[in-house]
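Since the structure comes first, as structure tokens, the remarks are kept for the end.
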Amino acid sequence: MDTRINALNHFFSHKDSFLDQLISFVSIPSISTAPENKGDVLRAAEFLVSKMNSIGIKNVKLHPTPGHPIVYGEYLEAGDSQPTILVYGHYDVQPVDPTELWHNDPFSPTVIEDSLFARGSSDMKGQVFACLAAIETILNTDKFPVNLKFIFEGEEEIGSPNLKPFLETHKDLLRSDVALNVDTGMSGKNTPTITYGLRGLSYFEIRVYGPSKDLHSGIYGGVVHNPAQVLIDLISKMHDSEGRVTLPGFYDEVKELSAQERSEFARLNIADEHYQDQTGVPGLWGETGYTPTERIGARPTLEVNGFLSGFTGKGSKTVIPAKAMAKISTRLVPNQKPEKIYHQLVEFMRTHAPETVKWEVEEISTGSPSLSDINLPATRALVTALKEVWGVDPVYKREGGSVPVVADMQEILGIDSVLSGFGLPDDNVHSPNEKLDLPTWYKGIEALIHFFYNVKNA
């Protein structure tokens, strides 16, 4: 009898316990961008250390960095003939603002019907814990079929500034055959998904300075160029009438989609109405000539993530603000280089900014885009596992989000990644009322149990 049956039976009888442990994990407010939560981020790392030790992972260690720590562990009992899987995840979460839109305290996890509402429940504490639950289940019932290494970081939501240096200085420690990364997600509740492409990221802050202090708009209006108006004008010029980004050279290295890739995107069969339902917008917008799924997965973009200037309190105050600031991010596709985007943005500002103001551009974070080989033995093992649980073939997609560690592992460790996950499009990731669909999560754990057996001798 296939020994995985014992593991699956053990999992089915311990589902409630795994949910209780996940609730404890997501109760920790590990917001990596907030200095006041530094201790909470450490507590989340220590939670993982304790959990990994409790299930028998070896050499578990919390590695300090100039920021938040990296958690490492290993289980190398399967022998040299079996592959080594590097399990990646992150334990930090996004801020919770605006708090007034949450139906419950973001860090007081609440189960409503089939969903667990809490910050980090889907992105990505739920996914990390799904891996650990699958591994614990097998270890409690059988000899683990493959070798494992683990790397869990606490800075993914702020661009992973200390992960790449850690990879570079720990190549021998992290030597593996392939990485398992479940930080992407599913196209739908009944549509398991393999992600093979991820967009990169370049994130900036643009600051425009005018007068030395806020000025009375009645006395100086029409004489002093308003920095807010200048920045608004500049941002409006960053797209043309067809939705294309106008930074000089922005598309020079973008590879056009092949007919096969466009066919795969069409297989996703996602109508415009789906995006309207998910976002609440009356209509879609974007680059002419591409479907919404193509724009999200395989075309670069530029977005305004925040804008601040002048008086924003209740009531009125008639000022010309002294300065204006905008947060700008670009999502990049394969062949685009983050380091080039900064120079393109600076060149755009030099060309278009008027001499009536001063300005500066600060690069906040970057991440490279990536493409993964869908024919990896480990990927085929996961495809089989997903089909065993969901009963359908998974779809392949290029994801709109950024997971820079995939490209970093390709470049530094020389390994590719198997990319999937069990979050759903309506999980409100990075938004109020983030949630995790529990039936899908349980199926995900079941699929991971199958995966670790399937990948043996792969």
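The values are calculated or read from the model by the stated rules, or taken from the named source; none is laboratory data. Remember, it's a predicted structure, so these values are computed and weren't measured experimentally. So basically every Cβ, Gly included, is an ideal-geometry build from the backbone, and we count neighbours across all protein chains shown.
What the table below lists for this structure:
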| item | result |
| --- | --- |
| So Ile320, is it out of contact with any His (no Cβ under 7 Å at 6 or more places or on another chain), more than 30 Å from Met409 (Cβ to Cβ) and of a type in the set (Val, Ile, Thr) | yes |
| Which numbered condition Arg4 fails, given (1) under 23 Å from the mean Cα position of the chain (by Cα); (2) farther than 16 Å from Ala118 by Cα; (3) among the charged types (D, E, K, R) | (1) |
| Among (1) of a type outside the set (Gly, Ala, Ser); (2) surrounded by 12 or more Cβ atoms within 10 Å (Cβ to Cβ); (3) in a helix (DSSP H, G or I) - the single one Phe307 does not satisfy | (3) |
| Breaking point among (1) farther than 30 Å from Lys397 by Cα; (2) crowded, with 16+ Cβ neighbours inside 10 Å, for Gly200 | (1) |
| Whichever residue in region 169-191 is assigned to a loop (DSSP other than H, G, I, E, B) and of a type in the set (Val, Ile, Thr) and, among such residues, is modelled with the highest pLDDT | Val182 |
| Qualifying residue in region 223-233 (condition: among the hydrophobic types (A, V, I, L, M, F, W, C), outside any loop (DSSP other than H, G, I, E, B), buried (at least 20 other Cβ atoms within 10 Å of the Cβ) and touching a helix residue (DSSP H, G or I) at 6+ places or on another chain (Cβ under 7 Å)) | no |
| Pair list, Cβ under 8 Å, 6 or more apart: region 1-30 residue farther than 18 Å from Leu132 by Cβ, other residue in a helix (DSSP H, G or I) and not aromatic (Phe, Trp, Tyr) | Pro29/Asn37; Pro29/Asp40 |
| Matching residues, region 142-168, being polar (S, T, N, Q), assigned to a loop (DSSP other than H, G, I, E, B) and at pLDDT 95 or above | Asn162 |
| Sole exception among (1) within 21 Å of Phe12 (Cβ to Cβ); (2) in contact with a His (Cβ under 6 Å, 6 or more places away or on another chain) for Leu386, by number | (2) |
| Cross-chain or 6+ apart pairs with Cβ under 7 Å, region 351-370 first and farther than 15 Å from Arg207 by Cβ, then surrounded by 15 or more Cβ atoms within 10 Å (Cβ to Cβ) and among the basic types (Lys, Arg) | Pro369/Arg199 |
| Selected residue (criterion: nearest to Val383 (Cα to Cα)) from residues of region 418-435 that are touching a Leu at 6+ places or on another chain (Cβ under 9 Å) and assigned to a loop (DSSP other than H, G, I, E, B) | Ser420 |
| Among residues of region 288-310, those that are under 24 Å from His225 (Cβ atoms) and either among the hydroxyl-bearing types (Ser, Thr, Tyr) or free of Cβ contacts under 8 Å to residues at least 40 places away in the same chain (or both), counted | 3 |
| Selected residue (criterion: surrounded by the fewest Cβ atoms within 10 Å (Cβ to Cβ)) from residues of region 293-304 that are touching a strand residue (DSSP E or B) at 6+ places or on another chain (Cβ under 7 Å) and modelled with pLDDT of 95 or more | Glu303 |
| Unmet criterion (only one of (1) at pLDDT below 90; (2) buried (at least 16 other Cβ atoms within 10 Å of the Cβ); (3) closer than 30 Å to Gln344 by Cα) for Arg244 | (1) |
